[in-house]
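First up is the structure itself, then whatever we jot down about it.
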Amino acid sequence: RMQNSRSKPCSCPSLKLREVASMYFTMVAAFLVILVVALQGSAPRQSDFPYKVPLDPQGLLELSWNVSYPEQVVNFQLLIRDLKFGLIFGMSDRGEFENADLAVLWSDGHSSFFGDAWSDAKGQLHMDSQQDYQLLGARRAPEGLYLLFRRAFSTCDPKDYLIEDGTVHLIYGILEKPVQSLQAINVSALPGGLQRVQLLKPNISIPELPSDVRTMEITAPDVVIPSQETTYWCYMAELPEGFPKHHIVMYEPVVTAGNEALVHHMEVFQCAAEFDSFPLYNGPCDSKMKPDRLNFCRHVLAAWAMGAQAFYYPEEAGLAFGGPGSSRYLRLEIHYHNPLVFKGRRDSSGIRLYYTATLRPHDAGIMELGLVYTPVMAIPPGEDGFILTGYCTDKCTQLALPASGIRIFASQLHTHLAGRKVVTVLARDGREKQVVNADRHYSPHFQEIRMLKEVVAVFPGDELITTCTYNTEDRSRATVGGFGILEEMCVNYVHYYPQSQLELCKSAVDPGYLHRYFNLVNRFNDEEICMCPQVSVPQQFYSIPWNTFNRDVLKSLYGFAPISMHCNKSSAVRFPGEWEKQPLPIITERLREPVPRCPPSPGSQPAAPVPVNLGQLRRD
C-alpha cells in the first residue's frame with residue numbers, strides 16, 4: 001500500500017532537469033542563475049524518490065528524497081498541496097526554528113523567489129552568502145506544486161547544517177501573507193513544525209525473497225484513535241496452534257490510508273514462553289485495565305518509525321518465531337501522534353511480516369549493549385551534555401561469542417527523554433576499530449531499527465563501548481538510571497547472526513565505589529546526606545547539593561571506577577566467572593573524527609535569490 005502514491009508513472013524530464021542543473025551550477029561561476037520554470041508538467045516518477053514522509057499532521061506537505069553517495073548529495077522533492085505565499089524548509093540541531101539552515105520559497109504577491117538562508121538566535125532570516133540549496137525546478141500538477149532542490153551532505157559553510165548518519169530534525173513553516181523580502185521573515189512567528197527522519201538511508205542491495213514466502217499482518221482491529229495528542233495502543237494477537245518454527249525475512253508497515261501523519265511508530269513484541277496464555281487485550285497501553293502480564297511481552301520482533309522503509313534480513317539469516325520454546329502470543333504497540341486532536345479517526349495500521357518455513361542457515365539474534373538499568377548511574381541536573389558509558393568487555397565476548405564471531409547488521413538505539421546522542425564503537429586490543437552505530441542528533445521520540453551501511457564483524461575478545469550524552473538543563477534534581485520515563489537508559493539493541501547465548505552485555509559502576517563517593521560528598525558538604533543503609537541510592541542522589549565539585553567528582557568516578565559487568569544468557573543468568581569490580585577497558589587509540597568533504601564550489605554565486613515563475617499566487 002505504501003507504493004501507491006498519487007503520482008502516476010510518467011515520462012517526465014526530472015532526471016534530465018537534475019543533470020542539466022547540476023552541470024549548469026558547476027560550470028557557471030559568478031553569475032546569477034535564473035531558472036524560469038514551466039508551470040505545466042506531470043508529477044515526477046515516484047521511483048526517482050524512494051523515501052517519503054509527511055511533514056505536517058494534515059499531510060499537506062509531503063517530502064520525498066533520494067541519496068547519491070557518489071555525489072554526496074540529497075535530492076529533495078517537496079509536494080505542497082496548498083501553496084499560499086511560500087514556505088520555509090530546513091534542518092536544525094534538534095528541530096528549533098532558531099539557528100536553522102533553510103531553503104525558502106517566498107512571494108511578494110507578484111514575483112516568487114527561492115533562496116538558501118539561515119536564521120539567527122532570534123529567528124530572523126538572513127540570505128546565506130553561500131547558496132547551497134540548489135533549485136532544480138518547480139512544476140504544478142493536479143495535486144499541488146512540486147519543488148525540486150538538492151543539497152550536499154557537507155558544504156563547509158559555517159551557517160549550514162552537516163547532514164550525517166542518524167536522525168535529522170527537519171522543520172517547515174508556512175508563509176500565509178506576501179513578504180517583501182526574505183529578511184522580513186521571522187521564522188519564530190510562522191505556523192510550522194518539525195519532522196524527524198533518517199535522511200542518509202543505507203545504500204544496500206535488497207535480498208531476494210524466498211519463493212515460499214508467506215505474509216502475516218499484525219494490525220489494530222479498526223481502533224478509534226483517541227482524541228488526545230499522544231496515545232500508545234496495545235493489541236494482543238496470537239499465532240495459530242502448533243505454529244512451527246519459521247524465519248521472518250522481512251517486514252514492512254501497513255498504514256491505514258489517510259492516517260500517514262498520525263501513526264508515529266509501531267512495534268511487534270513476542271511474549272515470554274514461560275506463560276501458557278496471555279489475555280487478548282485491546283486498548284491503551286497505559287490503561288488501568290491493561291493486564292500486568294502484558295509486561296512480559298518485551299522481545300522485539302519488528303519495529304517501524306515514520307519515514308522508515310521495509311526492513312530486510314540478510315539472506316543468510318532470519319528471525320526465528322514459532323515452534324517449541326517460543327510463545328504463540330504477540331503484542332502490537334502503536335504510538336499515535338495526534339496534535340490536532342482529530343476525533344473519530346479509525347485505524348487498522350500495523351506491521352506485515354514476511355516469513356518462510358525454509359529456514360536460512362542462521363537464526364538472527366538481538367543483544368543488548370550499554371548500561372544496566374540501575375540508579376547507580378545518574379546525571380546531575382542542569383547539564384547540557386553529560387556523558388555515561390556502558391561496556392561490553394573483552395572478557396565477556398571471549399567467553400560468550402563463537403570462535404568465528406558474529407555479524408551485526410542492524411541496530412536500534414534507546415534512551416529516555418534526556419538522551420541527545422548515542423554512539424557504539426567496536427574496539428580490539430585497546431584500539432577503536434569502527435563505529436557500529438552513531439546518532440549525534442538522537443531523539444527519544446524517533447527510535448527505529450536501522451539497517452547498517454556495512455555489516456560489523458565482532459570476534460571473541462573484542463569490546464563494544466556505548467556512550468550516551470544527556471541534557472538535563474530543564475531538571476532540578478538528579479536523573480537516575482531505571483525503567484521510569486523520567487529515569488534514564490543507555491541501550492543499543494544490536495541485531496546480528498548467528499544467534500549466540502549472549503543476550504545482554506552491559507555494565508554499571510561498582511556500587512562500593514559509588515558508596516565512597518557519597519561518603520566523600522558528605523564530608524565536603526555541611527549538609528548531612530544520610531548514608532544509612534536504609535536510604536536508597538536515588539534518595540542519596542536527590543539530596544546532593546550539585547555544586548561544581550560534586551559534579552566533577554561524579555564525572556571522574558564514572559571515568560575510572562571499576563565496573564560491575566552483566567554478561568548474561570537469555571535466561572537472565574550470568575555466564576560463569578567473576579564479574580564484579582572489573583577494570584574499565586583501556587583505550588589507547590581513538591577513531592579519528594571524519595573530516596567533512598567540501599564539495600567543489602559551484603563558483604562564487606552571489607547571495608541572491610533565484611526568481612521562480614509560479615504565476616500569480618492566490619490571495620485568500
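Which whole-number value in Å³ per residue fits the convex hull of the alpha carbons of the chain? It would help to have the intermediate numbers written out before the result.
Working: hull volume 109.6 nm³, N = 620.
Taking only Cα atoms, the chain has a hull volume of 177 Å³ per residue.
Using amide H atoms built in the peptide plane, which far-off residues or other-chain residues are under 5 Å from ASN338 H to H?
THR230, THR231
Specify whether the C-alpha gyration tensor of the stretch 211-360 places it in the rounded, prolate or oblate class, a ≥ b ≥ c being the square roots of the eigenvalues: rounded for a/c under 1.5, otherwise prolate if a/b is larger than b/c and oblate if not.
oblate
If the label point is 7 Å along Cα→Cβ of VAL300, which residues in the stretch 394-413 have backbone nitrogen under 11 Å from it?
410-413, by backbone N distance to the label point.
Per residue, how large is the accessible surface of the stretch 231-314? Use a 1.4 angstrom probe and give square angstrom. Walk me through the intermediate numbers first.
Working: 3500 Å² over 84 residues.
Ligands and nucleic acids excluded, the figure is 42 Å² per residue.
May I ask you to evaluate 6.51 cos²θ - 1.76 cosθ + 1.60, the Karplus curve with θ = phi - 60°, for each residue of the stretch 408-423 and list the ³J(HN,Hα) values in order in whole Hz, giving x for glycine and proline?
Ordered by residue, 3J(HN,Hα) equals 8, 10, 7, 7, 10, 8, 8, 9, 8, 5, 8, x, 10, 9, 9, 9 Hz.
Please compute the net charge surrounding GLN434, taking Lys and Arg as +1 and Asp and Glu as -1 over other residues with Cβ under 15 Å from its Cβ.
-1
What percent does the relative contact order of the stretch 65-176 come to when contacts are Cα pairs within less than 8 Å and at least six residues apart?
Computed value for the stretch 65-176: 34 percent relative contact order.
Among DSSP beta bridges lying fully in the stretch 479-600, give the percent that are antiparallel, nearest 5.
Expressed as a percentage, antiparallel bridges in the stretch 479-600 total about 90.
Only Cα pairs under 8 Å and at least 6 apart count here; give the relative contact order of the chain as a rounded whole percent.
In percent, rounded to a whole number, it is 16.
Using unit Cβ charges (K, R positive; D, E negative) and no other charged atoms, how large, in debye to the nearest 20, is the dipole of the stretch 211-360 about its Cα centre?
So the magnitude is around 220 debye.
Return the carbon/sulfur percentage of the accessible area of the chain, one whole number, probe 1.4 Å, all protein chains in place.
53 percent
First select every other residue whose beta carbon is under 9 angstrom from the beta carbon of LEU504; then total the charges, Lys and Arg +1, Asp and Glu -1.
On the way: positive: LYS506, LYS569; negative: GLU368, GLU503.
Here the count lands on 0.
Stretch PHE483-THR215 to full length: gain in nm at 0.36 nm per residue minus the Cα-Cα span?
Fully extending the segment from PHE483 to THR215 adds 93.1 nm.
Return the lysines within reach of LYS555: Cα separation strictly under 26 angstrom, same-chain partners fewer than 8 residues apart disregarded; answer none if there are no such residues.
LYS395, LYS421, LYS433, LYS506, LYS581
If each residue of separation counts as 0.36 nm, what is the full-extension length gain between GLN180 and GLN398 once their alpha-carbon separation is subtracted? Could you put the intermediate results ahead of the total?
Values: separation 218, 0.36 × 218 = 78.48 nm, distance 6.68 nm.
That pair, GLN180 and GLN398, stretches by 71.8 nm at full extension.
5 Å is the cut-off here: which amide hydrogens, built 1.01 Å from N in the peptide plane, fall below it relative to GLU488, excluding neighbours closer than 5 in sequence?
Hits under the 5 Å cutoff: VAL480, GLY481, GLY482.
Would you work out the relative contact order for the stretch 112-254, in percent, from Cα pairs under 8 angstrom that are 6 or more residues apart?
Normalised by residue count, the contact order of the stretch 112-254 is 18 percent.
About the Cα centre of the chain, how large is the charge dipole given +1 on each Lys and Arg Cβ and -1 on each Asp and Glu Cβ? Please answer in debye to the nearest 20.
Values: 57 positive and 66 negative charges, 204 e Å.
Magnitude of the dipole: close to 980 debye.
Given a 1.4 angstrom probe, what's the average accessible area per residue across the stretch 341-405, in square angstrom?
Using a 1.4 Å probe on heavy atoms only, each residue of the stretch 341-405 averages 37 Å².
Can you tell me how the stretch 51-200 classifies by the Cα gyration tensor, rounded, prolate or oblate, using a/c under 1.5 as the rounded cut?
Here the stretch 51-200 falls in the rounded category.
Would you work out which of ASN547, HIS495, GLY482 lies farthest towards the positive end of the dipole of the stretch 475-586, given +1 charges on the beta-carbon of Lys and Arg and -1 on that of Asp and Glu, about the Cα centre?
Positive-most Cα among the choices belongs to HIS495.
Under a point-charge model restricted to the Cβ atoms of Lys and Arg (+1) and Asp and Glu (-1), what is the dipole moment magnitude of the stretch 51-200 relative to its Cα centre, in debye to the nearest 20?
For the stretch 51-200, the charge dipole is close to 460 debye.
In whole Hz, what ³J(HN,Hα) sequence does the stretch 384-389 give by Karplus (6.51, -1.76, 1.60; θ = phi - 60°), x for Gly and Pro?
Running phi through 6.51 cos²θ - 1.76 cosθ + 1.60 with θ = phi - 60° gives 9, x, 8, 10, 10, 10 Hz.
In whole Hz, with x marking every Gly and Pro, tabulate ³J(HN,Hα) for the stretch 214-231 from phi via Karplus 6.51 cos²θ - 1.76 cosθ + 1.60, θ = phi - 60°.
Each residue's phi maps through the Karplus curve to give 10, 10, 9, 9, 9, 10, 5, x, 6, 6, 8, 5, x, 8, 8, 5, 10, 9 Hz.
Whose amide H sits under 5 Å from the amide H of SER570, counting only residues 5 or more places off or on another chain, with H placed in the peptide plane?
Residues meeting the criterion, in which the H sits 1.01 Å from N, are GLU503.
Could you compute the net charge surrounding ALA608? Neighbours are other residues with a C-beta less than 12 Å from the C-beta of ALA608; K and R count +1, D and E count -1.
Once positives and negatives cancel, what remains is -2.
Grab the beta carbon distance between LEU520 and ILE204, set R0 = 51 Å, and tell me the FRET efficiency rounded to 0.05. Mind showing how you got there, number by number?
Working: r = 50 Å, r/R0 = 0.99.
Between LEU520 and ILE204 the formula returns 0.50.
Tell me, in nm to one decimal, what length is gained between GLN124 and VAL455 on full extension, where the rule is 0.36 nm per residue of separation less the Cα-Cα distance?
114.8 nm
Just going by the charge dipole of the stretch 366-486, with Lys and Arg at +1 and Asp and Glu at -1 on Cβ, which of ALA378, ALA457, THR389 is farthest out on the positive end?
ALA457
The values are calculated or read from the model by the stated rules, or taken from the named source; none is laboratory data. This one's a predicted model, so the numbers in the text were calculated from it and none came from an experiment. Cβ sites come from the backbone with ideal geometry, for glycine too, and all protein chains shown count toward neighbours. In case anyone asks, the SASA skips ligands and DNA or RNA and just uses the protein heavy atoms, side chains included. Shrake-Rupley method; radii C 1.70, N 1.55, O 1.52, S 1.80 Å.
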